[in-house]
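Presented below is the structure to which this report refers.
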Amino acid sequence: MVLKKVSLAELAYRELVRAMIDGSLAAGERLAEEQLAERFGISRTPVREALRRLNEEGLVETVPRCGFRVCRPEPAEIEALFDCRARIEPLALELAWGKIPADRLRELAWALEQAERSSDRADALEVDEALHGTIAESCPNRPLAEIVERLIRRTAPFRNWRGFEGDCGGLFQERRELIQALAGNSAARAMELLAAHIRRGAAAVTRK
């Protein structure tokens with residue numbers, strides 16, 4: 001598995017997420033493309049792309065003739081999103097059971113091992129994204145898979161925050177156990193680990 005190169009838009013997105021969740025960017029604060037581009041030392045195009053993505057995910061909102069401003073969700077909203085995902089994504093896994101190629105799981109395990117050896121959290125997050133994406137892609141019920149994919153996108157900013165600021169060693173262990181369970185014989189065990197992994201992500205964010 002070859003990990004993709006992180007784009008400038010992705011880096012801008014991550015920095016904005018970090019600032020919004022740690023309070024550096026307050027709720028209601030205006031986000032000007034030009035100022036952010038200067039702050040990050042990049043052009044306005046990747047900044048605009050990052051802001052559009054954050055708007056889709058509900059972290060920023062558009063203001064007529066003023067661009068964007070921060071609209072950080074309340075902890076209860078974040079918990080509700082993760083709770084919904086923890087209930088629905090295991091259902092997709094149940095339907096996907098036996099349909100995830102063994103070589104795909106080996107690729108994910110290898111990529112996670114490389115990220116753990118280098119302690120590269122960005123690469124670890126990419127493996128995590130690929131892991132959850134693989135579950136959704138393997139689900140034969142496409143409406144259900146699409147719901148899961150939307151929930152993954154909406155929780156991505158908070159999941160990413162945990163990946164950069166949380167217990168890195170614990171996260172590697174969670175992902176390793178989940179990949180091993182996906183390659184095992186118990187769908188129930190894999191579903192249990194998946195739900196627990198998602199719920200721990202919510203707890204790590206909302207306690208900040």
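The values are calculated or read from the model by the stated rules, or taken from the named source; none is laboratory data. Fair warning: this is a prediction, and the values are worked out from it, not measured in the lab. FYI the Cβ positions are ideal-geometry reconstructions off the backbone, even for glycines, and counts take in every protein chain you see. Just the protein is used for accessible areas: all its heavy atoms, side chains included, with ligands, DNA and RNA removed. Shrake-Rupley method; radii C 1.70, N 1.55, O 1.52, S 1.80 Å.
A search for C-beta distances below 8 Å between a residue of the range 38-67 that is in contact (Cβ under 8 Å) with a residue 40 or more places away in the chain and any residue that is open to solvent by 90 Å² or more (accessible area, probe 1.4 Å) and in a helix (DSSP H, G or I), counting only pairs 6+ apart in sequence or on different chains, returns Glu56/Arg153; Glu57/Arg153; Glu57/Arg154; Gly58/Arg154. Look through the range 128-152, keep the residues that are polar (S, T, N, Q) and touching a residue at least 40 places away in the same chain (Cβ under 8 Å), and return whichever of them is farthest from Arg175 (Cα to Cα). Per the stated criteria, the residue is Asn141.
Residue check: Ala12 meets all listed conditions (1) of a type in the set (A, V, I, L, M, F, W, C); (2) outside any helix (DSSP H, G or I); (3) under 21 Å from the mean Cα position of the chain (by Cα) but one, namely (2).
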